[in-house]
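Down below is the structure, laid out as structure tokens.
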Amino acid sequence: MEFFLQLIVAGIVMGSIYAIVALGFTLIYKSTGVVNFAQGELLLVGAYICLHLTVEYRLNFVASFIITILFMFFFGFFIEKIFLRKMIGEPIISIIMLTIGLSSVFKSVVQLIWGTNTKTFPQIFPEEPLIVGGISVSYVYIFSIISVSIFLALFTVFFKKSKVGIAMRAVASDQQAALSMGIDVKRIFALSWAIAAVVSSVGGILIGNINGINTSLSQFGLKVFPVVILGGLDSILGAIVGGLIIGILENLAGGYIDPLIGGGAKEVFPFIFMIIILMIKPYGLFGTVEVEKV
Amino acid sequence: MNYTNCGEFQTSYEKDAAIFKSLFSKICIYGFLISLFVIPFFIDDYFLYLFNIIFIAVIGAVGLNILTGITGLISLGQGAFIGVGAYAAGYLANQYGLNFIIAIPFAGLITAIVGMIFGIPSLRLKGLYLSIATLAAQFILEFIFIRAESITGGVTGLSLDYAKFFNISLDNDFKFYFFGLSMTILMVTAAKNIVRTKIGRAFLSVRDNYIAAEAMGINIFKYKILSFGISSFYAGVAGAMWAYYVTIITPEHFTIGVSIQYLSIIIIGGLGKILGSIFGAIFITLLPEVLRFITDYFTSSYPFLTQAFASIREAAFGIVIIIFLLFEPEGLVRRWNLIKAYFKLWPFSY
């Protein structure tokens, strides 16, 4: 039972990070219709910049966190402006390949600058885990869950209340109508990339604090697919729910199936689960069902 | 001195559907093929090696182009399907002692079946969702390659003997070249013919407007599965050839990176064009070699380049894809047609 709860807790932490990365993915897909295969690399860039600021420039963790977020905002903004803007109206495969090309460039630049060895953040949280009802929870986990919750709450308010947030929702639901109401659709496109880059970098920094950083972290970008397929590609609520479900299931699979087959279940299980979801409910739990018209 | 007429003026449907539009192009192609059979006598092992890996890449890319370029189903799993072919050939050769002439088509068939199974989601999915399903296929197959140790040998891999053609063992680049070239000609010709038959036209209609295609009586699901089958058959043959070429198969040859590489081959070459797969395969295979040549040249002055080579190669790969997508989305085939048109119309500019 204790083992089970331990797995659930770790699953929720992983799941909340999946959720925040998936949020960035969903945001881009919802407003621009682009599938971003470079999501994992955005996470990587953010995590390395934050690490660089704390280790090399000896900045306070909070300060480097904020600088990273600011940097990633403009980074995402310019990716859209320079590369994606020109791809509007191109077939899906071209856009997929463009983001794959970008991911390959980002990853190799990160490798050129920071090398391939695993790096760790300086110890910020107490190492002794907190014992709650028999299961130990490390402080990093608590910090992750709290900060993800704060970010998700902030986004909910942003989309519901702020003018820009409402504009983004308008663009997502009908671009032409939004355009005719005087919304600058191009600016919204760039903004969604900027926000996506920010949320991925938050995910990257959190995961970096838990496991350390190396370039294999960009795997997260692919792990996000089962999450968004389960939740529905264009649903923000779906990204959060899907993230938590996949995080927990993945950890349970790792805990109970791995000993039987000798490892690797964690990596492959979400994808098997995803194929099943695709066969039964292709638009996920909360996704919009596309209506075919000639 | 009239080498070619300026423009093609067909007078019958048979002529319009012909592979060789004119006598001149027929002569050119046959001349090119004959020269390909003569070349290996004059080049060294390094160039033979390059030719051989290009042959394998061409076969894999032609298959993917039938699926992605012609039927319009994006697949992120070609690398894994190539792996299925390689392991199938290795297993058949080791376990049942089959000759490669039998093992290669069987490996193709096994891969075709695996591909068709992973194509089943295409019943309900299309576009983006389908490409994500093939991404899952990639990860699931990769997992099987590592875990099914009794068949694949796990991470240590599987080794097999060189292919034996009567009494000649294809154990060096020179001997493999002729086998590779013949297989490539066979597979490319077959692909060219698939495209211009009923099946190929059905594929095109599925890509262009599947609702209209269905209204015209085309069974979309059947043709989608068939497309997955044909594409995977090509992948399987390419994988089996790879297995006989390197004789040691390990899972890291069939990662998602390989799938992406094949997608970039058909994008850079030209989507939906058989010739494009050939151009793209040559381009993507030679790119790292040219880069290696350049970095070697500068290494004496900047020694750190040697360690950074892997990253530089990766970056160059990404940059090339981006440049092609932004500036030449129709690929090298378009450039080639422009060059041909230039000579056809010369001395007039248009």
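Could you check how much of the accessible area of the protein assembly as shown is carbon and sulfur, as a whole percent, using a 1.4 Å probe? Accessible surface attributable to carbon and sulfur in the protein assembly as shown totals 68 percent.
Highest mean packing comes first when the peptides B:214-223, B:190-199 are listed by Cβ atoms within 10 Å, giving B:190-199, B:214-223. The GNM of chain B, with springs linking C-alpha atoms under 10 angstrom apart, assigns the highest mean-square fluctuation among B:Asp45, B:Asp171, B:Asp16 to B:Asp16. Sorted on the mean count of surrounding Cβ atoms within 10 Å across their residues, most packed first, peptides A:133-139, B:252-258, B:145-151 read B:252-258, B:145-151, A:133-139. Quarter the surface of the alpha carbon convex hull of chain B and you get the mean projected area, 21.6 square nanometres. Charge dipole of the protein assembly as shown (Cα centre as origin; +1 on each Lys and Arg Cβ, -1 on each Asp and Glu Cβ, all else neutral): 1720 debye, rounded to the nearest 20.
How many angstrom lie between the C-alpha centres of the range B:201-229 and the range A:244-294? After rounding, the separation between the Cα centres reads 29 Å. Across chain A, the mean sequence separation of Cα contacts (distance under 8 Å, 6 or more residues apart), normalised by length, yields a relative contact order of 37 percent.
In terms of distances greater than 18 angstrom between alpha carbons, the cross-link table entries B:Lys198/B:Lys224; B:Lys126/B:Lys222; A:Lys266/B:Lys126 yield A:Lys266/B:Lys126. Note on chain B: GNM, Cα springs under 10 Å; of B:Ala61, B:Ala213, B:Ala137, the largest mean-square fluctuation is that of B:Ala213. Averaged over the residues of A:276-284, the number of partner chain Cβ atoms lying within 10 Å of the residue Cβ comes to 3.
To the nearest ten degrees, helix A:265-280 and the longest principal axis of the Cα atoms of chain A are 40 degrees apart.
The local environment of A:Leu27, defined by Cβ-Cβ distances under 15 Å, has a net charge of +2 under the rule Lys, Arg +1 and Asp, Glu -1. Cα axis of helix A:39-55 to longest principal axis of chain A: angle in degrees, 0 to 90, nearest 10? Compared with the principal axis, the helix lies near 60 degrees. Computed from protein heavy atoms with a 1.4 Å probe, the total accessible area buried between A and B is close to 3700 Å². Averaged per residue, the range A:1-103 has 37 square angstrom of accessible surface, using a 1.4 angstrom probe with ligands and nucleic acids left out. The heavy atoms of A:Asp174 present about 70 square angstrom of accessible area, all protein chains included, probe 1.4 Å.
The range A:46-97 and the range A:127-157 have Cα centres separated by 25 Å.
Going toward the positive end of the dipole of the range B:112-216, with +1 on Lys and Arg Cβ and -1 on Asp and Glu Cβ, which of B:Ala112, B:Leu123, B:Thr156 do you reach last? It is B:Leu123, whose Cα lies furthest towards the positive end. Need one word for the range B:85-234: rounded, prolate or oblate. Basis is the Cα gyration tensor (sqrt eigenvalues a ≥ b ≥ c); a/c below 1.5 gives rounded, then a/b vs b/c decides. Because a/c hits 1.5 or more and a/b fails to exceed b/c, the range B:85-234 counts as oblate. Annotation: per residue accessible area for the range B:100-170 equals 46 Å², rounded to a whole number [probe 1.4 Å, protein chains only]. Counting Cβ atoms of other protein chains within 10 Å of each Cβ in A:25-37 and taking the mean gives 1.
Inter-chain Cβ neighbour count for A:265-275, averaged per residue, equals 5 (cutoff 10 Å, partner chain atoms only). A simple charge model with +1 on the Cβ of Lys and Arg, -1 on the Cβ of Asp and Glu and nothing else charged puts the dipole of the range B:119-217 at about 520 debye relative to its Cα centre. Computed from point charges on the beta carbon alone (+1 for Lys and Arg, -1 for Asp and Glu), the dipole magnitude for the range B:184-271 about its Cα centre is near 360 Debye. For the pairs A:Lys163/A:Lys223; B:Lys21/B:Lys340; A:Lys107/A:Lys186, flag any whose C-alpha to C-alpha distance is greater than 25 Å. Cα-Cα > 25 Å for A:Lys163/A:Lys223; A:Lys107/A:Lys186; rest within.
The values are calculated or read from the model by the stated rules, or taken from the named source; none is laboratory data. Predicted, not measured: the structure shown is a model, and the values here were computed from it. Counting neighbours? That spans all protein chains shown, and the Cβs are built from the backbone with ideal geometry, glycine included. These area figures cover heavy atoms from the full protein model, side chains too; ligands, DNA and RNA do not enter into them. Shrake-Rupley method; radii C 1.70, N 1.55, O 1.52, S 1.80 Å.
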